[in-house]
Structure formats: C-alpha cells, structure tokens
Amino acid sequence: MQQEQASGAPLRVALLGCGVVGSSVARMLVEHRDDLAARVGRPLELVGIAVRRAGRDRSDLPVDPSLFTTDAAELVTRADVVVEVIGGIEPARSLIESAMKHGASVVSANKALLAEAGPALYAAAAEHGVDLYYEAAVAGAIPILRPIRESLAGDEVRKVIGIVNGTTNYVLDKMDTTGQGFAEAVEQAQALGYAEADPTADVEGFDAAAKAAILASLAFHTRVSGDQVYREGITEVSAADVQAAREMDCVVKLLAICERTDTTGPDGQPTAGVSVRVHPAMIPRSHPLGGVRDAFNAVFVEADAAGQLMFYGKGAGGDPTASAVLGDVVAVARHRVGGGHGPGESAYADLPVLAMGQALTRYHISLDVADRPGVLAQVATAFAQNHVSIETVRQQIVDGDDAGDAGGATRAHLVVVTHSAPDAALAATVEALAELDTVREVTSVMRVEGD
Ligand code: HSE
C-alpha cells in the first residue's frame, strides 16, 4: 500500500548544516523513510548534506558518507526541497535565494534571517513559484507559526505572549526556586549545558526579539523586523525582583509580547498599531505562562473569536526542532506532488509599529521611603502628575534598627502596582519618584503582564 502511494520519482532533499538539528533531520529522513514517502505520496531522497568542514567522523549517522559535501552552492542547484539549518545571515541567505532561483522550496529554522530578511525571501519564493516554511524558527517543536498563519487566518489575533527562549526561562526558574542571583543561575545553566559559553544572544533578548518579530508579522499581517522590536534582556533582573514577584504570587519571565492596540487618533478616528517587545515581566503564577518551568517554551495567543489558546513544549534540541523541520518538509513536498503552494507573505494590514513609550503596560514598583507625614501623598502625586493610575499600594513599616538606620528612624517599604498606562508615562513616574527627597531607594521596577 505504501509502495503504491509513494510511487514516482523521488523528491530530492538537500540539507544545509549537520549540527545538532541537522543530524536529527538527516537521521529522521532516513529512519522514517517509508512513512514519510507514504505521507508525501513520493519518496524523499536525501541527495546531499552541506557541512563546513570535510573529514569529520559522522559514522553515527545512518547516511551514505558520500552525501557530505562542502560545496553548498552546488548542492542547492540539484534539489526539490532545501532544508537550511546552518543559522546566521550569510551564507544562509544567498544559499536560500539560489535554491529558490533553481526551483527548490525552502524549509528553514533560521529566526535571525527570517526576522531580518523575511519580506525579501517571501518575494523570492513568490517570484520563483516555490514555498518558504520556517516553523522551527520559533519555539522549536511547538507548532505555532502554522496555527497563526493558517488555522487562525479567519480570526483576529489580538495578542501573542511567548516564552520563546529556553535558556532564559531556565535561568529565571532557577532564580525563583533557589533564590540565586542572575550570575550564579547562569553559571549553573552553563554547567548543565542549557546556556552557551557566550550567553549574550539569549540573556540579552536578541534570540527572543527575532522570534517576536516573526510572530508579530504573521499575527498582524504587518512587516515587523527584528530591529523594530523593543528589547530588554534579563541581566538586570535581581534576586530582589524575583522575591518581589514571589510576594505578589507572581513569577518573573522573559516575555515576547506582540499586541495590537486600537485607539482613537487625535482626529477622533480609530487608529491601530502593533506593539512588539521583549522584556522581563511579572506574571501571576496562576497564568498558564506562569507555570512554564525549566527550559520549556510556551506561546499564549488571544484571538477575538477563538479566545485564549496556549501552545507548550520543547523550544530547542535536535529531535524536537527536527520534528518541526520535517513537518515543513512534508508540507512543501506534498505541494510538489499535489500542486499548489502554501501561503506567501501577508502584510496587507501594514499597521504602524509603535514605539515602546506608546505601549500600554503595567508596572510593579517597590520603594523604600521615609516614614513621615505627607510621604504617601508625594508618591501619589508623582503618579498623578504623569497620568498613571494606581491599582494597589501596600505599605510595610521597617523600624530603624531593622533598617540599619542610625538613631532608629523608621522607614516604610511601599509596593505600588499600577493600572495600564503608556510605558513612557510609567518610566517618567519612576524617574520622578527617584528624585523625591523622601524616597530613599527605588528597589525594584518590573512590568506586569496577565490579569
Ligand atoms: N537558544 C535558544 C533557547 C534556542 O535558549 O531557547 C534556539 O532558538
């Protein structure tokens, strides 16, 4: 039965890159050969694996050693489907463009490239009549791009909030469960292989920002590039911030937030924009994202008709990422067999990408203040003058000896949570608070997400 369904000339698959993900893709292509052929309707034949260096022992892979080549440029000219898992901008971009020019559909796991050059790659795919799929570029094994691009194409997506970086989630989870500081938690993550020797791309939020750009582009039918994403990493998150979150029954997460905002413009007309940002935020432990532990990823989507949706799973690793890559390979190969194409770029809405200052956020602010008459009024005035509405205030008195103050002067610890306001107004409020004589220290400032 399988033989019958899968008859016909094989579709040629070229693999660019044979690292952790590429090795899993190669292995699964070979080991699942018969099932993949049955699902596609024609066999998939691995015709070459481009690697940077020749001569490395790859006897662990069940592939013919003659398939390895260092000539990626030649390999892409003789394939029906090119799988790009080398990452980075070049040579990946030139190879993908050449593959398309030679008639191959492309499956990529390259978030940096899609975030930087997605529109140009979509244009090349349209020009040459081929597919461009990249499910593995965001949140590894989790099916999230095709659900947004296809399953939710009839709905209006309002908000996408993702934990899309496993390394930072692992670090923040350890800070939460052990009370460790950032540096100690990163060291532990490195020792266990969760964090790279140079963790910059993860801890500074670059990886998550590229993924946020891809998610926002698809969710809002609007071009958003990586450099339009507001980005703050987790290097400044302190044990005190994490403790402050615990006291609110919240947890600190690095969130990629893509949000459509509809407001009324100065002319009274409705106006929409998208806010795309990556930053640490407190989120209630009871929120579905609050329970995402270790290095797991999750994406929470809110759409008008569908309501709230949650996608959860492994965001990295060879086999999990290869699962997403092979799903795309099967999809584009099916198009080759049955005709037609997957969706191209949809940027018709062309919404403006808002500056971070315009994004509506909520803040949690902890302050050490002098315990004197009128201090609370001064603090409240700083909020009022910036048009920021306070949701809750909690005050705790710390007596002078506990506070380490000479003379036993008492002071108060204030925790203020705001209603949502433009981020610029909230930032200005924090600046104004820090300048008050009666404010001894602003001990923690963190954005808050989730209700
Ligand atoms: N470095 C990423 C992470 C995986 O920690 O989730 C690849 O995007």
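A quick yes/no check of all residues on (1) free of Cβ contacts under 8 Å to residues at least 40 places away in the same chain; (2) in contact with a Leu (Cβ under 7 Å, 6 or more places away or on another chain); (3) of a type outside the set (Gly, Ala, Ser); (4) not in a strand (DSSP E or B):
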| position | (1), (2), (3), (4) |
| --- | --- |
| 274 | no, yes, yes, no |
| 297 | no, no, yes, no |
| 310 | yes, no, yes, no |
| 341 | no, no, yes, yes |
| 357 | no, no, no, yes |
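Identify all residues within the stretch 276-295 that are over 26 Å from residue 351 (Cβ atoms) and in a strand (DSSP E or B); write none if there are none.
Answer for the stretch 276-295, where residues must be over 26 Å from residue 351 (Cβ atoms) and in a strand (DSSP E or B): 282, 284.
Taking the stretch 91-105 only, how many residues are outside any helix (DSSP H, G or I) and without any contact (Cβ under 8 Å) to a residue 60 or more places away in the chain?
Counting residues in the stretch 91-105 that are outside any helix (DSSP H, G or I) and without any contact (Cβ under 8 Å) to a residue 60 or more places away in the chain gives 3.
Looking at (1) within 12 Å of the ligand (Cβ to nearest atom); (2) charged (D, E, K, R); (3) surrounded by fewer than 20 Cβ atoms within 10 Å (Cβ to Cβ), can you tell me which one residue 223 breaks?
Answer for residue 223: the failing condition is (1).
Tell me which helices (runs of 4 or more DSSP H) are completely within the stretch 123-216 and hold 2 or more residues being out of contact with any His (no Cβ under 6 Å at 6 or more places or on another chain) and more than 16 Å from the ligand (Cβ to nearest atom), or say none if there are none. Can you show your working first?
On the way: elements: 166-178, 182-191, 200-203.
Qualifying helices (runs of 4 or more DSSP H): 166-178, 182-191.
Kindly indicate which of 198, 155 is over 21 Å from residue 354 (Cα atoms), surrounded by fewer than 20 Cβ atoms within 10 Å (Cβ to Cβ) and in contact with a strand residue (DSSP E or B) (Cβ under 6 Å, 6 or more places away or on another chain).
On the way: 198 fails: in contact with a strand residue (DSSP E or B) (Cβ under 6 Å, 6 or more places away or on another chain).
Of 198, 155, the one residue that is over 21 Å from residue 354 (Cα atoms), surrounded by fewer than 20 Cβ atoms within 10 Å (Cβ to Cβ) and in contact with a strand residue (DSSP E or B) (Cβ under 6 Å, 6 or more places away or on another chain) is 155.
Could you pull out the residue among 81, 20, 30 that is surrounded by 16 or more Cβ atoms within 10 Å (Cβ to Cβ) and not assigned by TED's automatic domain parsing to the domain that holds residue 277?
Going through 81, 20, 30 in turn, the sole match is 81.
Taking residue 44, is it under 20 Å from residue 317 (Cβ atoms), crowded, with 19+ Cβ neighbours inside 10 Å and of a type in the set (A, V, I, L, M, F, W, C)?
Against the criterion (under 20 Å from residue 317 (Cβ atoms), crowded, with 19+ Cβ neighbours inside 10 Å and of a type in the set (A, V, I, L, M, F, W, C)), residue 44 does not qualify.
Could you please find all residues in the stretch 28-37 being assigned to a helix (DSSP H, G or I) and touching a residue at least 40 places away in the same chain (Cβ under 8 Å)?
Hits for the stretch 28-37 are 28, 29, 36.
Which of the residues belonging to the stretch 39-90 are without any contact (Cβ under 8 Å) to a residue 60 or more places away in the chain, assigned to a strand (DSSP E or B) and of a type outside the set (A, V, I, L, M)?
Residues satisfying the conditions are 45, 48, 68, 69.
When only residues in the stretch 302-319 that are among the aliphatic types (A, V, I, L, M) and over 13 Å from the mean Cα position of the chain (by Cα) count, which is farthest from the ligand (Cβ to nearest atom)?
Restricting to residues being among the aliphatic types (A, V, I, L, M) and over 13 Å from the mean Cα position of the chain (by Cα), the top hit is 305.
The values are calculated or read from the model by the stated rules, or taken from the named source; none is laboratory data. Source: prediction; values computed, not measured. Note that each Cβ is placed from the backbone with ideal geometry, even for glycine, and that neighbours are counted across all protein chains shown.
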